[in-house]
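Every number in this text was worked out from the coordinates using simple rules, so none of it is lab data. Values in this document were obtained by computation on a predicted structure and should not be read as measured data. Here Cβ is always computed from backbone atoms with ideal geometry, including for glycine, and neighbour counts include all displayed protein chains.
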Amino acid sequence: MKTFAAAAAGATLLFSAIGSANAAPLEVFACVPEWASLAKAIGGDRLANVTLATSALDNPESMKPTPGMIAALSKADIIVCTGSGLEDSWLPAMLERAGNAKVGKGKPGYFMASEFVKLIEDDQDEHDHSHGEKKTAGAHMHEAGNPHIQGDPNNVRLVAGQLAKRLIALDPEGKDVYGERVKAFIGQLTTLTKELQAKAAPLKGINIAVQHGHSIYLLKWLGVKTAATVEPEPGVAPGPAHLTEIIDEVPKDKIRFVIYAAYEDPGASKYVTEKAKIPLVKVPFTVGGSPEAGDLFGLYKDSVDRLLDGLAGRERN
């Protein structure tokens, strides 16, 4: 795994080797909604099209490629994905089928956002509530670290700067456009981040339960503690003993509410909240995960609002 500094240094060397770049507008292939939104925010009219592989209601770690996606990937000038194992179950095979050398690993058109931020280990800041249940090898445990970096706007700010550099390298004629747009985006995001941190102050230090470890960056940014995980393995129903112990922990650990991501079936979490008599809160997780999360700014605003509603005893589904 590259460190943030090494990745940035490597990117500098990469840019110097590009030479004459593609003529605008650029074709972009984004693996997940947050990077499609970021590319549009920075690229504007310099982008001919942004093809999105998954929606906010899809599990980003598993998807079935369609002929249309393969066709879009075959003509893309750049792919903007997360990396760190998030898309490993489907992206490598798609790249091979698309046969597009411009977006192959190590090429200027291959952009992995997680290379530019510090990752949190999957089990960091998480309590062990497996209660002896056997874990399936490889089930959501990423060796490089938890890849759901979009939960923290500070991560997105770092990625934005690096993505702008890459777009400029591919499309030098658009340098001024990319530069102005990324400056405006980062400025607006920085202001919003400060405002939301102040607004979210009541959340700091509280205990909640999560359906899965999808929101670790969001929660760490806001100082919210994860006291229990309802579904230790994605897509695998937790056992009755596990659910009972979490329900028993609610009063002991003063767990205020349970969150789940927009793409998840909240069945197990709903059972816990009904038995424990605490709110169930859906978080958008990414752009498009709720009506209010229409872009990255809306994503963070709505995430904070929903968590505050949970703290106030209100459900958000």
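Here is how the numbers come out for the structure above:
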{"read-out": "Peptides ranked, highest mean first, by Cβ atoms within 10 Å: ranges 307-314, 71-78, 192-199", "value": "71-78, 307-314, 192-199"}
{"read-out": "Length-normalised contact order of the chain in % [C-alpha pairs under 8 Å, at least 6 apart]", "value": "17 percent"}
{"read-out": "Normalised contact order of the stretch 199-311, rounded percent, pairs of Cα under 8 Å and 6 or more residues apart", "value": "24 percent"}
{"read-out": "Label point distance in nm, Lys277-Asp305, each placed 7 Å from Cα along Cα→Cβ", "value": "3.0 nm"}
{"read-out": "Candidates Pro108, Pro67, Pro147: whichever shows maximal mean-square fluctuation once the chain is modelled as a Gaussian network with Cα springs under 10 Å", "value": "Pro67"}
{"read-out": "At q = 0.12, 0.16, 0.24 Å⁻¹, base-10 log of I(q)/I(0) for the stretch 199-311 (Debye sum, equal scatterers on each alpha carbon)", "value": "-0.37, -0.67, -1.42"}
{"read-out": "Listed residue pairs exceeding 20 Å between alpha carbons, taken from Lys225/Lys282; Lys204/Lys254; Lys204/Lys301", "value": "none"}
{"read-out": "Gain in span if fully extended, Gln188 to Ala241, counting 0.36 nm per residue against the direct Cα distance", "value": "14.4 nm"}
{"read-out": "Residue with peak Gaussian network fluctuation, the chain [Cα springs, cutoff 10 Å], from Arg97, Arg157, Arg166", "value": "Arg97"}
{"read-out": "Ellipsoid equivalent to the chain - semi-axes via the Cα gyration tensor, in Å", "value": "36, 21, 16"}
{"read-out": "For Leu296, net neighbour charge (Lys/Arg +1, Asp/Glu -1) across residues whose Cβ lies under 14 Å away", "value": "-1"}
